[in-house]
Amino acid sequence: MELPRRRRRTAVALRCALGVLLTTVWCDVGMAASAGEEDILAVPASSQDQRGLELAGGRLWVSAFVNVAFESLKGHPEEVNLDDLGVLARWDPYARLSLFTALELEDFLGWADGDGVFFAEKGPAIERLYADVSVSSSTTLRLGKILTPFGIWNPIRRAPLTWTVDRPLVTEVSFPLHLTGLMLDYKATPGDWSIDTNLYGQPGGELDRFSDEKAAKRSLGGRVAFGHALPSGFATAGVQAAWFEDVQSDDEEYAAGVDLDLSVAGQLVTSEVILSDGEVDDYETRWGAYLQLVSPIWRGLFGVVRGEIVDLRRSEDYRNLVLGLAWRSENDRWVLKLNYQFSGHEVDGRSDGVGVAVSSLF
């Protein structure tokens, strides 16, 4: 499909950005990924933070997760939903080979005011299914269906590992959330720095696609993140770019972004800025960003503040302010979240209202 003149100019600029990023990754640093859910969950059985069950002498690990959410949003009926239910499993048949899968059942059971009880229309879907081949202590090949390593939020998206009921809008509409293909990872620690980089590509369609997610027929991208210890914390800054052929529009689209993950004296600051030429609710997106602050209050209780903006063509910008509380039990096995969001106008079903969620990963 021929791109309009405006989108061709955007495509050329972002293609250049992607080329520069991939050249930098290949020549200067190597290939690897920033921390994802697998890294957080991969802790020894002897650790008090270990989740799941270890079987077969420690070579097989199995876990499960659940998320129950209640939302009361302006212009929408009140709804209670068991919207995430699934299992995770990892098998290490050999020292250099690991197999991982995540099966997920969305909207398994719920109730909506005026509509009554509803059940899942589809069975479990394959959220991830891949093999990790350890080439060396610093280099890994990952083959299969994975979470796209774009930014901070997408690789760590499981409800018990996040701070709010809903993720920032810009992290859902700017790039494909999954990819089915190959990712090459490399981690390096020159001096006091840690550098995590990756290259990834998808040659064909996505395996067992989630119908309501942004997805690609083909994609190519890369990311590099730099981390450094601070006097009372740690900071990580990342840059990434991706090219993909969108499933719904059949257009070539591009996304480029920068992000910051900062932990200082118990305060957690997270931010992403993403340039893109995608669509949401028939509006074309140009760029979006969010800034989130998480601050401890008392014994596992945290305060959360997040501001968001998505620049939309032919519409006023989407702006959203989220104020919330999050309580985490010991070992983070149970998480309770309470949010109120103030939205300028409704986009993608998001409007003013209350959200509550109870999550567990065990």
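Throughout, read-outs are computed from the coordinates displayed, never taken from laboratory work. If you're wondering where the values come from, they're calculated on a predicted model, not measured in any experiment. Glycine gets a Cβ as well: all are built from the backbone with ideal geometry, and neighbour counts include every protein chain shown.
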TODO: Using per-residue counts of other Cβ atoms within 10 Å, averaged over each peptide, order 226-234, 150-158, 197-205 from highest down.
DONE: 150-158, 197-205, 226-234
Open item on the list: Would the chain count as rounded, prolate or oblate if I go by the C-alpha gyration tensor, calling it rounded below 1.5 in a/c and otherwise prolate when a/b exceeds b/c, oblate otherwise?
Closed with: rounded
Open item on the list: Can you give the FRET efficiency to the nearest 0.05 for SER134 and ASP113, using r as the Cβ-Cβ distance and R₀ = 56 Å?
Closed with: 0.65
Open item on the list: Less than 14 Å Cβ to Cβ from GLY116, Lys/Arg counted +1 and Asp/Glu -1: what total charge do the surrounding residues give?
Closed with: -4
Task: Cα gyration tensor category, rounded, prolate or oblate, for segment 80-152 with a/c compared to 1.5 - done: prolate
TODO: Starting from the Cα of ALA120, step 7 Å along the direction of its Cβ; do the same at ASP208; then give the gap between the two resulting points in nm.
DONE: 1.0
Task: Positive minus negative residues near VAL68 (Lys, Arg vs Asp, Glu; Cβ under 12 Å) - done: -4
Open item on the list: Could you tell me the calculated FRET efficiency between LEU141 and VAL247, based on Cβ-Cβ distance and R0 = 22 angstrom, to the nearest 0.05?
Closed with: 0.30
Task: Point-to-point label distance, PHE234-LYS217, nm (Cα→Cβ direction, 7 Å offset) - done: 4.1
Open item on the list: For ASP317, what residues show an amide H to amide H distance below 5 Å, using hydrogens built from the backbone and excluding near sequence neighbours?
Closed with: LEU312
- [ ] Sort out for me the Cα centre separation of segment 260-302 from segment 89-111, rounded to whole Å.
- [x] 27
Task: Sorted peptide list for 66-76, 239-249, criterion being average Cβ within 10 angstrom, highest first - done: 239-249, 66-76
Task: Estimated distance in nm for a label pair at SER263 and TRP327, the labels positioned 7 Å out from Cα along Cα-to-Cβ - done: 2.4
Task: Sequence-distant residues sharing a close amide H with VAL135 (under 5 Å, placed H) - done: THR140, LEU141
